[in-house]
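Asks: Before anything else, here's the structure in question.
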Amino acid sequence: MSYTLAIVFSLVCYFLIGNWAGRRVKHLDDYLVAGRNAPTFLILGTLVASYLSTSAFLGETGFAYAGYPFVMLIFAAISTSGCLLGALAFGRYLRRSEALTVPEFFGKRFASRRVQCIAGITTVVGLGAYLLGVMQGAGIMFEELTGLPYWMGLLLVWLTFTSFILYSGSAGVVLTDTVMFVIFSLAAIGGSIYIISDLGGWQGVIGGLLSQTDKPGIALWHGVLEGDGAQFSTPGEAATWGVTLGLVWAAVLAASPWQSSRYLMARNEHVVMRSAMLTAVSLAVFYALMMLTGAAINLYMPDLESERSMIWASLNVLPTWLGMIILTGVFAAGLSSCSTFLSIIGFSIANDILPASRSEAAAMRASRISVLLAGLVAFLLALFQPPAVMAVVWFAATLFASSWGPVALMSIWSRRITAAGAAWGLIVGFAGNLLLSLAVQVEWISLPVYLHPVVISAIAALVAIVIASRLTEVSQAERDYLASLHRPSEASRTAWERGTRWIAIITMLSGVLVSAFLWFQYADTLSGYASEYGLSRSATLGAYVLAVGCGGMLLIAGAVGYRVARCRGSARMRHGASSVV
């Protein structure tokens with residue numbers, strides 16, 4: 001009963017907070033992009049909250065529990081760097097555009113309503129699938145915690161986030177996201193520290209994982225390589241998976257609509273860079289703690305269903321008060337993602353797909369109706385579609401890596417890409433990934449780890465962009481708009497620049513601390529057990545490489561952020577846009 005009351009209480013609180021934020025919504029800018037005045041902390045909160053859904057807490061932590069905590073760290077080290085690099089290469093220019101949605105930015109960049117509409121359709125389809133996955137995760141949690149029916153949990157979740165989005169729009173989403181970010185961050189840190197301490201600290205956890213026989217190799221950097229449940233057969237295959245999927249998700253974090261659209265709400269482009277750097281740090285700390293915690297649950301109970309391992313630990317291992325905070329935090333993570341995705345879907349339908357409204361009031365009314373109808377469709381699909389949280393979320397997210405990734409980066413850094421090239425890049429990247437992923441799912445084809453469907457479809461999208469762009473010409477409007485994006489904004493004042501560089505220094509120091517933490521707590525501990533458990537030299541060496549690499553990615557990202565904090569733009573793009581070479 002206590003868990004039921006906690007969940008219901010949290011839903012009521014989010015409803016009240018979201019509707020309180022709605023009092024400030026007076027104009028279309030307020031509704032769609034929170035008045036473009038959100039400070040760094042709010043953008044940080046919504047970036048992390050929109051990324052860490054129930055998939056992260058249930059699916060990815062469950063993957064660590066299944067035998068691959070350090071493969072997930074390889075994945076996380078590469079993917080989280082994409083958040084900052086995406087903000088530097090795309091996000092800050094997106095903010096300069098002052099578009100209402102990311103598809104609208106594509107429409108303005110290529111002077112084409114057709115491109116905007118295509119981007120809008122991919123947003124609705126891709127995020128619709130993503131919304132389905134996180135809603136199912138929230139429904140599963142509600143059922144596990146309360147004992148009430150799955151459909152009832154879905155209904156309460158849907159009513160909560162739909163109601164405050166209808167009233168407050170992006171302002172409510174950003175504020176509730178940040179509150180949820182604080183809650184589940186404290187929950188993740190508190191739960192991880194308790195479980196690791198209860199098992200004797202990092203030394204006790206690593207020693208316990210080495211001595212257990214249910215999942216041999218779980219404590220090594222490559223994870224489990226033997227048995228029926230093994231995902232990989234060799235260390236090289238595990239490393240290839242981590243690197244490949246890390247790069248894929250780096251592209252997702254750089255250009256996906258639910259991440260990049262957050263930058264449209266930022267006060268200025270320095271807020272974009274600061275929040276992106278702090279997001280990378282937050283995600284690095286989260287994965288470093290949560291992945292080992294997921295693996296450590298095996299020392300309590302090794303034969304759980306992987307996606308329910310964190311729920312089991314919260315109910316059976318942690319003190320009731322801490323378990324309640326963690327599960328409420330996990331629930332909040334799912335709810336925040338639901339609100340983010342539904343708002344983007346509704347806004348994109350109204351702003352990018354439907355004919356343009358003649359008045360601001362009509363546009364807001366169309367957005368609210370679109371939110372309501374899209375949410376209702378998602379609720380019905382989640383109700384009748386069998387849950388598969390991690391599979392659905394990962395499939396939906398990678399659709400944007402292959403379609404939006406190439407177009408987003410080339411829209412800023414290429415003077416040759418045309419409206420036709422952008423349109424075909426979006427279509428080929430999205431459709432190719434969708435068809436290949438479905439073919440793999442039904443086992444019509446089998447692909448090696450390094451040839452993930454997103455890799456093939458991204459290459460196909462690049463080919464389509466090049467061919468279509470060569471067959472068409474860049475218009476003068478496109479040239480002029482690209483040049484305008486590379487002109488420094490007023491936000492490059494010294495005061496803002498100095499603060500951004502301090503955040504970059506903090507990011508670099510965080511990278512050093514993450515490496516030191518993993519070096520001494522994981523790699524040194526594993527090395528100390530090497531002779532006792534007969535570990536190979538490659539196993540211990542791999543642990544040290546992992547420690548250096550995980551923090552090293554943050555160090556590199558922070559250094560790049562420090563270098564480009566002046567926001568001078570590209571002189572080549574700014575002065576050379578009058579001719580296409």
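The values are calculated or read from the model by the stated rules, or taken from the named source; none is laboratory data. Here the structure is a predicted model, which means the values were calculated and not measured. Here Cβ is always computed from backbone atoms with ideal geometry, including for glycine, and neighbour counts include all displayed protein chains.
Asks: Could you tell me whether any residue of region 190-207 is among the acidic types (D, E) and part of a loop (DSSP other than H, G, I, E, B)?
Replies: Checked against the condition, which is being among the acidic types (D, E) and part of a loop (DSSP other than H, G, I, E, B), region 190-207 yields no hits at all.
Asks: Out of A99, A89, which single residue is of a type outside the set (D, E), closer than 30 Å to C550 by Cβ and surrounded by fewer than 24 Cβ atoms within 10 Å (Cβ to Cβ)?
Replies: A89
Asks: Can you tell me which of (1) buried (at least 21 other Cβ atoms within 10 Å of the Cβ); (2) farther than 18 Å from A254 by Cα is the one T123 doesn't meet?
Replies: Unmet for T123, out of (1) buried (at least 21 other Cβ atoms within 10 Å of the Cβ); (2) farther than 18 Å from A254 by Cα: (2).
Asks: Could you please find all residues in region 449-488 being assigned to a loop (DSSP other than H, G, I, E, B) and either surrounded by fewer than 17 Cβ atoms within 10 Å (Cβ to Cβ) or at pLDDT 90 or above (or both)?
Replies: Within region 449-488, Y450, L451, L471, T472, E473, V474, S475, R487, P488 qualify.
For (1) surrounded by 24 or more Cβ atoms within 10 Å (Cβ to Cβ); (2) closer than 30 Å to E478 by Cβ; (3) not basic (K, R), each residue gets a yes or a no:
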position: F15; (1), (2), (3): no, no, yes
position: A21; (1), (2), (3): no, no, yes
position: Y31; (1), (2), (3): yes, yes, yes
position: G35; (1), (2), (3): no, yes, yes
position: A66; (1), (2), (3): no, no, yes
position: V71; (1), (2), (3): yes, no, yes
position: C83; (1), (2), (3): yes, yes, yes
position: A111; (1), (2), (3): no, yes, yes
position: V115; (1), (2), (3): yes, yes, yes
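Asks: Give me a count of the residues in region 219-254 that are in contact with a Pro (Cβ under 9 Å, 6 or more places away or on another chain), farther than 23 Å from G207 by Cα and crowded, with 24+ Cβ neighbours inside 10 Å.
Replies: Result for region 219-254: 1.
Asks: For region 309-344, enumerate the residues that are over 22 Å from A64 (Cα atoms) and without any contact (Cβ under 8 Å) to a residue 60 or more places away in the chain.
Replies: W321
Asks: Looking at region 255-296, which of its residues are of a type outside the set (S, T, N, Q), surrounded by fewer than 24 Cβ atoms within 10 Å (Cβ to Cβ) and closer than 20 Å to A504 by Cβ?
Replies: R267, L278, L283, V285
Asks: Could you tell me which of the residues A119, A99, A111 is at pLDDT 85 or above and on the phi > 0 side of the Ramachandran plot?
Replies: A111
Asks: Please tell me if F9 is of a type in the set (F, W, Y) and surrounded by fewer than 24 Cβ atoms within 10 Å (Cβ to Cβ).
Replies: Considered against the rule, which asks whether it is of a type in the set (F, W, Y) and surrounded by fewer than 24 Cβ atoms within 10 Å (Cβ to Cβ), F9 comes out as yes.
Asks: As an exercise: evaluate L283 against (1) closer than 17 Å to L85 by Cβ; (2) in contact with a Leu (Cβ under 7 Å, 6 or more places away or on another chain) and give the number of the one condition it does not meet.
Replies: Tallying (1) closer than 17 Å to L85 by Cβ; (2) in contact with a Leu (Cβ under 7 Å, 6 or more places away or on another chain), L283 fails exactly one: (2).
Asks: Just to check your reading of the model, which residue among S336, S309 is of a type in the set (G, A, S), at pLDDT 85 or above and either surrounded by fewer than 21 Cβ atoms within 10 Å (Cβ to Cβ) or at negative phi (or both)?
Replies: Result: S309 is the single residue among S336, S309 that is of a type in the set (G, A, S), at pLDDT 85 or above and either surrounded by fewer than 21 Cβ atoms within 10 Å (Cβ to Cβ) or at negative phi (or both).
Asks: Among the residues of region 2-15, are any part of a helix (DSSP H, G or I), touching a helix residue (DSSP H, G or I) at 6+ places or on another chain (Cβ under 9 Å), modelled with pLDDT under 75 and closer than 23 Å to E98 by Cα?
Replies: No, there is no match, as no residue in region 2-15 is part of a helix (DSSP H, G or I), touching a helix residue (DSSP H, G or I) at 6+ places or on another chain (Cβ under 9 Å), modelled with pLDDT under 75 and closer than 23 Å to E98 by Cα.
Asks: Look at L327 and say whether it is surrounded by fewer than 16 Cβ atoms within 10 Å (Cβ to Cβ) and under 21 Å from V157 (Cβ atoms).
Replies: no
Asks: Please specify each residue of region 174-197 satisfying the condition of being crowded, with 24+ Cβ neighbours inside 10 Å, of a type in the set (S, T, Y) and closer than 14 Å to G294 by Cα.
Replies: none
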